[in-house]
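What follows is a short report on a single structure.
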Amino acid sequence: MHERPNRMKTVARLAQLIVLVLVMPVLAAPTLPFKSKVTRQNYEKIHKGMTKAQVEKILGEPTEMKSEMGLQDLGELDSWIYWHGGIMVMIGFSNGYVSDKSWTQG
């Protein structure tokens, strides 16, 4: 007699788990698929003299950041690197402003 209520609880828990598994992807759908800001169109918007904030607004947060002091008082040199699929975008900054950029697609 105790076996039937336990079996019912197990079936109810299993049903809840199945519903949860089916509903979770629907709840996550607005965030999927992730759309990268690293596009050729956005890359072309980047130009010399832009600030880091302006670049971040266009391309988003970089995948990697590197910083070093330049030779002979060139100031601080920073590189922001963006990876997306087979694309690598590098944005170079000199004293906080875009000094160069490159697009590599492999």
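Below, the figures for the structure above:
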| read-out | value |
| --- | --- |
| Considering residues of region 32-44 that are free of Cβ contacts under 8 Å to residues at least 24 places away in the same chain and among the polar types (S, T, N, Q) only, the residue surrounded by the most Cβ atoms within 10 Å (Cβ to Cβ) | ASN42 |
| Residues of region 43-97 that turn out to be part of a helix (DSSP H, G or I) and of a type in the set (A, V, I, L, M, F, W, C), as a count | 4 |
| Near pairs, Cβ below 7 angstrom, 6+ apart or cross-chain, from region 84-98 (within 16 Å of ILE58 (Cβ to Cβ)) to any residue that is surrounded by fewer than 16 Cβ atoms within 10 Å (Cβ to Cβ) and basic (Lys, Arg) | VAL98/LYS48 |
| All positions within region 45-89 that are at pLDDT 90 or above, surrounded by 11 or more Cβ atoms within 10 Å (Cβ to Cβ) and over 15 Å from the mean Cα position of the chain (by Cα) | LYS45, ILE46, LYS48, MET50, THR51, LYS52, GLN54, LYS66, LEU77, ASP78, SER79 |
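The values are calculated or read from the model by the stated rules, or taken from the named source; none is laboratory data. Everything numeric in this text was worked out from a predicted model, so none of it was measured. In this analysis, Cβ positions are derived from the backbone assuming ideal geometry, glycine residues included, and neighbour counts consider all displayed protein chains.
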